[in-house]
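Nothing in this text is a laboratory measurement; each read-out follows from the coordinates by a stated rule. Quick caveat: nothing in here was measured; it's all calculated off a predicted structure. Here the Cβ is made from the backbone with ideal geometry for all residues, glycine too, and neighbour counts use every protein chain on show.
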Amino acid sequence: VKDVPDELPDEAHDAFPDQWWPYPVMTVGALITLGLMAFAGQSLVTPGQPASPGISGAGNPDWYFIFLHELLKLGPPAITSILLPVGGVATLLVWPLLDSMVGPRLARRLGWRSWPTPRHNPITGALWVAGFAVLVALTLWGLAGPGICLPWFYQGPVCG
Amino acid sequence: MKPSNAVEWLDQRVPFLDAIQAARDRRVPDYATAFHRYLGGMAVILLGIEGLTGLLLTVYYVPDGAGNPAPAFTSISQIQDTVPLGWLVRGMHYWGAGALLMVLLFHMIAVLWTGGYRAPREVNWTIGVVLLLLVVAFALTGSLLPWNVNAYLARTTEIQIASGESVFPAAVSKQIKFLLQSGAVIGPATLLRFYVAHVILLPAVTGGLLYLHLKLVRRHGPAEPS
């Protein structure tokens, strides 16, 4: 198996040292940044109270799962805990196939000459921006705490 | 520069000098120096830091959730408060995990936005998404290990979600739950299960897929800007 692509554009340069030097710099930068965060954030990682099996209540989720905890409040569990998360992950996994199979057909129908990448595509671009915006909004809502309540059609107002 | 006798001796048995020379002689398109092209490399660096700090944490961590307070909890408290520089290693591991997830998300968004997933890179995109899911699994399994109240309660909710408690028939949900937590409630067996996944299973799978991902990245070269 070759380790280089067949064709290179005219504007090319040697990988060494141009493509090499950023990595040691990034490594040192990451070590220093994480070290400073570990020092400054010691109070945030104290273990707190020990767990004992069987305790009940609501724990604070880690930031990357806040959206999932918030999503649960917005609709029937079948949709919010299964359909949307699994659908989102499945869409991500097969996105290249969807984009290459459905995209060109849609482009022909719309009279477009080609099916651009999301960066230049008002349909897929808007779809992904909206998707990520919802994730960010749910996360921020969860971080804001239970003080912020919104009117909602499913089982009345919901709070963060 | 002429390699020393020791290097030559090693190269004759485990060839590596040609690979280094090929990597040095490689030419890359100018557009490969764009900032967002380094996010994947940054993720690999953070993964390395997570591996190293995680290895150091295993020296003192005791994956035992029996008793109150359990050895798992007391060993974390010991790492944090007593072990020399334990706070630093644990802090770097904790914040590094968050940074890794953030960098991976930005990496994925950049690839998605610029069309870097398009032919011939479709399979590598899918491998990348699986790697992101594996890192989420790393974070999920790792966050139970301190065995404190908050970790316990948050993981309880997430296991309820994953088992489809209020969606699937009770028998199905119960089986999924048993598979994840090895019992009716999260207990010492769950902690051990998560620990094994965190330090053996997930690193092995992630290592293999990461090798494949990087091999394909090198094979295809940097994607042309859209």
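Before moving on, here are some points about what is shown:
- Helix B:122-142 vs. chain B, principal-axis angle (Cα, 0 to 90°, nearest 10): 40 degrees
- Stokes-Einstein diffusion coefficient of the range B:18-120, Kirkwood radius over Cα pairs, 4 °C, 1.567 mPa s, in µm²/s: 77 µm²/s
- Rounded to 10°, Cα long-axis angle of helix B:86-114 versus longest principal axis of chain B: 60 degrees
- Length added when fully stretched, B:Y31-B:A66, from 0.36 nm per residue minus Cα-Cα: 7.1 nm
- Taking amide H as placed 1.01 Å from N in the peptide plane, B:N148 has its amide H under 5 Å from the amide H of A:A51, each at least 5 places away in sequence or on another chain.
- Rounded to the nearest 20 debye, the dipole magnitude of the protein assembly as shown is 780 debye, with +1 charges on Lys and Arg beta carbons, -1 on Asp and Glu beta carbons, and the Cα centre as origin.
- log₁₀ of I(q)/I(0) at q = 0.25 Å⁻¹ - the range B:129-226, Debye sum with one point per alpha carbon: -1.30
- Projected onto planes of every orientation and averaged, the convex hull of the alpha-carbon atoms in the range A:64-160 covers 7.6 nm².
- Three-way shape call for the range B:1-62 based on the alpha-carbon gyration tensor, with the a/c threshold at 1.5: oblate
- Rounded to the nearest whole angstrom, the semi-axes of the ellipsoid equivalent to the range A:7-119, taken from the Cα gyration tensor as √(5λ), stand at 40, 34, 10, largest first.
- On the beta carbon distance between B:F16 and A:V136, with R0 = 51 Å, the FRET formula returns roughly 0.70.
- Applying 0.36 nm per residue to the separation of A:V94 and A:A107 and subtracting their alpha-carbon distance, the gain on full extension is 2.8 nm.
- Qualifying trypsin sites (Lys or Arg not before Pro) for the range A:93-160 [loop in DSSP, other Cβ within 10 Å: at most 12]: A:R113
- Using alpha carbons only, the radius of gyration of the protein assembly as shown set against its Kirkwood radius gives Rg/Rh = 1.00.
- Reduced Cα scattering model of the range B:49-202, Debye log10 I(q)/I(0), q = 0.10, 0.12 Å⁻¹: -0.44, -0.62
- Between the helical axis of B:149-162 and the longest alpha-carbon principal axis of chain B there is an angle of about 80 degrees.
- Cα-based Rg of the range B:67-144 normalised by 2.2 N^0.38 Å, two decimals: 1.54
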